[in-house]
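Each value in this text was obtained by applying a stated rule to the coordinates, not by laboratory testing. Here the structure is a predicted model, which means the values were calculated and not measured. Heads up, the Cβs are rebuilt from the backbone with ideal geometry, glycines too, and the neighbour counts pull from every protein chain shown.
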2 protein chains.
Amino acid sequence: MSVIHSPFARKLGAFVALSNKEQSALDRLHGRRKVFPAGVDMVHQGQTDQAAYILASGWVCSYKILADGTRQIVDFQIPGDFLGLRSVLFRTSDHNIEPVTKVEASEVLVRDLLETFNETPRLATAVLWAASRDEAMVVEHLVSIGRRDAKERTAHFLLELGARLKLVGLGSTSGYACPLSQYLLADTLGLSAVHVNRVLRELREDGLVTFQHGQVEIHDLDGLVALAEFDKTYLDHDGPLLK
Amino acid sequence: MSVIHSPFARKLGAFVALSNKEQSALDRLHGRRKVFPAGVDMVHQGQTDQAAYILASGWVCSYKILADGTRQIVDFQIPGDFLGLRSVLFRTSDHNIEPVTKVEASEVLVRDLLETFNETPRLATAVLWAASRDEAMVVEHLVSIGRRDAKERTAHFLLELGARLKLVGLGSTSGYACPLSQYLLADTLGLSAVHVNRVLRELREDGLVTFQHGQVEIHDLDGLVALAEFDKTYLDHDGPLLK
DNA sequence: GACGCCCGTTGATCGGGATCAGTGCGCCAG
DNA sequence: CTGGCGCACTGATCCCGATCAACGGGCGTC
């Protein structure tokens, strides 16, 4: 088993044990690289692009802005995540997508993707698993916003991020780098920035987690998990889910 | 162009103009019928069934229950909707699914579904369109709960339901039958049942919409659309979206 | 160095919606 | 006929989180 190169391959590798051939097939997918500066729309409402992207580095969020100017962030994409896959395959996109940091991304043509799947069918399974996990995340997010209070929501979100980052080797169960401002956090969690600040202070005072200087430090994992009803297996598992 | 039989065919027909051959291929999908009484789990957390269902009649909801007993309903399925497609194809299911009314459903084996797609590839497109619409709905729901107040949320939801029911011929822009209790509504919108009641009263007093005796009557469509920032084209279009 | 701007931070106040408590009605089982 | 139950409905009160207002620090620009 060789070294896994790209974040994308690392992510899929968390679901299916990849052979060398499959890994190189994945790496071939990372064709033309594009760089996006922070704050520029990558995909906007209704646009149906011909290309999707795989993030190589940086963070991206997809959001919707309402008439009164309020913004709701639906989810974030981190290195290894597909971007625009839904809008390409399923042509669904009623919200904007833009980087929150400088982003490097591999342009992926759907044709190439499908060809890769034909060569190594198990990759298709892995991609579907990964996609399903991302979608389950949106559902969890909905449940969070609908039925959890501010503290629980925040804890859940920070754990969720940690779990995803760990998958691609960008963090551990004790902490990770996180470039999100408290304003972004607020629009994600359906709260005001002021209140996010207070909640973060409370979590810090409770000795659960700190979020300062772009760094999340998890001090009491079990406490956080209990507070957020988070499924700890997301954080704990180490090898691929399918042998 | 013959008569469209099943709710499923009607729904797909709203996206793609179907030939006679394609319609009969769809009707062949409606294999073994199953009947589920109200209130019984059809699919529960984590279960990965071999079969999906197409609803022939009745209403179903998928939800998640938190440790403190509160429930968040993620979405509803109505006649013509796929049920468990995600959990079958993508194996995603971290929430329960159960009927809120007595439900008749056609069991669909994935094998049959894929074969049908091979015969008539345009059907695959239609299914993906329909699936993407359902998924966009979940995202809209998230935005609603995160950033709209109780009145706007309720208006949005009632319009959303109306649009979907109209697709399968079960309602019009002036009203539709709706078997949901105010408790179900509350758990859907992330509100308390008490407050849902008050909101419904306000909407009635505003002359916008009434929701009584299992019947939704839309009295001021434009007012509702404005309140909810709802995309009116969902309600207005009549023919298929793709010729 | 001075200014502006973004972001984090804190206090004071307000309000939307939750919660508690209770009524009434239709329906079904006994 | 009667008790029980689920659901619609209403009033009173409470509280979580929004809003308003203000301050400070880092950083880029002129």
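A few points about this structure:
- Under the convention that each Lys and Arg Cβ holds +1 and each Asp and Glu Cβ holds -1, the size of the dipole of the range A:143-202 around its Cα centre is about 80 debye.
- Fully extended contour minus Cα-Cα distance, from A:Thr101 to A:Leu114, at 0.36 nm per residue: 1.7 nm
- Label reach from A:Asn20 (point 7 Å along Cα→C-beta): in the range A:95-123, amide nitrogens under 20 Å belong to A:119-123.
- Listed residue (B:Leu208, B:Met42, B:Thr154) projecting farthest to the positive dipole end of chain B, Cβ model: B:Met42
- Label point 7 Å beyond Cα along the C-beta direction, distances from B:Ser57 to other copies (nm, shortest first): 6.1
- Multiplying the residue separation of B:Leu128 and B:His213 by 0.36 nm and removing their Cα-Cα distance gives an extension gain of 27.1 nm.
- Candidates A:Leu12, A:Leu66, A:Leu227, ranked by Gaussian network fluctuation over chain A, Cα under 10 Å, top entry: A:Leu66
- Crossing angle, helix B:20-29 versus chain B [Cα axis fit, 0-90 degrees, rounded to tens]: 80 degrees
- Each Lys and Arg Cβ is given +1 and each Asp and Glu Cβ -1; about its Cα centre, the protein assembly as shown then shows a dipole of about 740 debye.
- Using Cβ point charges alone (K and R +1, D and E -1), the dipole size of chain A about the Cα centre works out to roughly 440 debye.
- One chain, two ends: B:Asp206 and B:Arg32. Fully extended at 0.36 nm per residue, the span grows by 58.0 nm beyond their Cα-Cα distance.
- Among residues other than B:Thr116 with Cβ under 12 Å from its Cβ, the summed charge is -1 (Lys and Arg +1, Asp and Glu -1).
- Candidates B:Asp68, B:Asp222, B:Asp112: whichever shows maximal mean-square fluctuation once chain B is modelled as a Gaussian network with Cα springs under 10 Å: B:Asp68
- Whole-Hz ³J(HN,Hα) from phi, Karplus 6.51 cos²θ - 1.76 cosθ + 1.60, for the range A:142-152, glycine and proline x: 4, 4, 4, 5, x, 10, 9, 7, 4, 5, 4
- When each of A:Lys64/B:Lys102; A:Lys64/A:Lys102; A:Lys64/A:Lys151; B:Lys34/B:Lys166; A:Lys11/B:Lys151; B:Lys34/B:Lys232 is checked by Cα-Cα distance, pairs over 31 Å: A:Lys64/B:Lys102; A:Lys11/B:Lys151; B:Lys34/B:Lys232
- Karplus 3J(HN,Hα) series, Hz, for the range B:122-132 with 6.51 cos²θ - 1.76 cosθ + 1.60 (x for Gly, Pro): 5, 5, 4, 4, 4, 5, 5, 4, 4, 4, 5
- Position A:Ser24: other-copy label points at 5.0 nm, ordered by increasing distance, label point 7 Å along Cα→C-beta.
- Diffusion coefficient (Stokes-Einstein, Kirkwood radius over C-alpha pairs, 20 °C, 1.002 mPa s) for chain A: 115 µm²/s, rounded to a whole number.
- Residue of A:Ala228, A:Ala186, A:Ala136 that the Gaussian network model of chain A assigns the largest fluctuation, springs spanning Cα pairs under 10 Å: A:Ala136
- Each other copy holds its own label point for B:His213; taking that point as 7 Å from Cα along Cα to Cβ, the gaps run 6.8 nm, nearest first.
- Mean separation of Cα contacts under 8 Å, 6 or more apart, over the residue count of chain A: relative contact order %: 22 percent
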